[in-house]
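What follows draws every value from the coordinates through simple rules; no lab data is involved. If you're wondering where the values come from, they're calculated on a predicted model, not measured in any experiment. Don't worry about glycine lacking a Cβ; one is built from the backbone with ideal geometry, like all the others, and counts go over all protein chains shown.
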Amino acid sequence: MSATIADIAKATGYSTATVSYALRGNPQVRPETAAKVREAARRLHYQGNASARSLRLGRSNVIAVAVHDLELPFSAQLAH
């Protein structure tokens, strides 16, 4: 299981908000702090969770297409 923002916060001594801002490149985070957070994220093998981010933002950026028959040329082209 990969590390979470809370794990990085615990390892660095910063708040989860600071860790989140640093990982997103917020300019209000001091460069030294951002470097420590990025190093801890690398060391802990942190990977952002797209599903969690989608839930938090309330959007997924996914488009669903329902097609009756993919063998029809128009349907196949539309799905592609």
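Side notes on the structure shown:
- Listed residues 62, 19, 29, most fluctuating in the chain (Gaussian network, C-alpha, under 10 Å): 62
- Considering only alpha-carbon pairs that sit under 8 angstrom and 6 or more positions apart, the relative contact order computed for the chain is 27 percent.
- Per residue, the convex hull spanned by the alpha carbons of the chain comes to 146 Å³.
- Within a Gaussian network of the chain (alpha carbon springs, distance under 10 Å), most fluctuating of 57, 23, 44: 57
- The GluC sites (Glu not before Pro) of the chain that meet both conditions, a loop assignment by DSSP and at most 15 other Cβ atoms within 10 Å of the site Cβ, are 71.
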